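Everything below concerns the one structure shown next.
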Amino acid sequence: MGIFEGVVVFLCSWWLVFLPTLSIGTRSQHEADNVIPGTERGAPERIVFLPKVIIATAGAAGITLLVWLVLRSGWLDFMVPGN
């Protein structure tokens, strides 16, 4: 896996980890009894991004490492024609 492929795997896996973590620990304005007039009552009261970005970065780094190890180990060589 080259640099370009590694960056692509990292970015795709970062988004796949980041999007589900957005809802973790988020309370809606309705649950907090603090609905701001003119907003949807299901809107989040506040969002803390830094821990979610750190979790997504660590998860994406782990996934990228696993993909690299699998490709480097040769476990998938049977799928390449001519080997």
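The values are calculated or read from the model by the stated rules, or taken from the named source; none is laboratory data. Predicted model only: the values in this text are computed from it and were never measured. Here the Cβ is made from the backbone with ideal geometry for all residues, glycine too, and neighbour counts use every protein chain on show.
Yes or no, residue by residue, for (1) in contact with a Gly (Cβ under 6 Å, 6 or more places away or on another chain); (2) among the aliphatic types (A, V, I, L, M); (3) within 30 Å of Arg72 (Cβ to Cβ):
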site: Gly2; (1), (2), (3): no, no, yes
site: Trp14; (1), (2), (3): no, no, yes
site: Pro37; (1), (2), (3): no, no, no
site: Val48; (1), (2), (3): no, yes, no
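Out of (1) in contact with a strand residue (DSSP E or B) (Cβ under 9 Å, 6 or more places away or on another chain); (2) at pLDDT 90 or above, the odd one out for Thr26 is which?
Among (1) in contact with a strand residue (DSSP E or B) (Cβ under 9 Å, 6 or more places away or on another chain); (2) at pLDDT 90 or above, Thr26 violates only (2).
For Ala61, work out the one condition from (1) surrounded by 12 or more Cβ atoms within 10 Å (Cβ to Cβ); (2) among the aliphatic types (A, V, I, L, M); (3) over 23 Å from Met1 (Cα atoms) it doesn't fulfil.
Answer for Ala61: the failing condition is (3).
If the Cβ limit is 8 Å and pairs must be 6+ apart or interchain, which residue in the stretch 57-77 that is without any contact (Cβ under 8 Å) to a residue 40 or more places away in the chain pairs with which residue that is in a helix (DSSP H, G or I)?
Partner pairs satisfying both residue conditions: Leu76/Val70.
Can you run down the residue pairs with Cβ atoms below 7 Å, 6 or more apart or on separate chains, where the first is in the stretch 1-21 and surrounded by 13 or more Cβ atoms within 10 Å (Cβ to Cβ) and the partner is among the basic types (Lys, Arg)?
So the pair list comes out as Phe18/Lys52; Thr21/Lys52.
I'd like the full set of residues that are surrounded by 11 or more Cβ atoms within 10 Å (Cβ to Cβ) and either at positive phi or at pLDDT 80 or above (or both), limited to the stretch 33-42.
Keep residues of the stretch 33-42 that are surrounded by 11 or more Cβ atoms within 10 Å (Cβ to Cβ), which gives 34-35, 40-41.
Residues satisfying the conditions are Asn34, Val35, Glu40.
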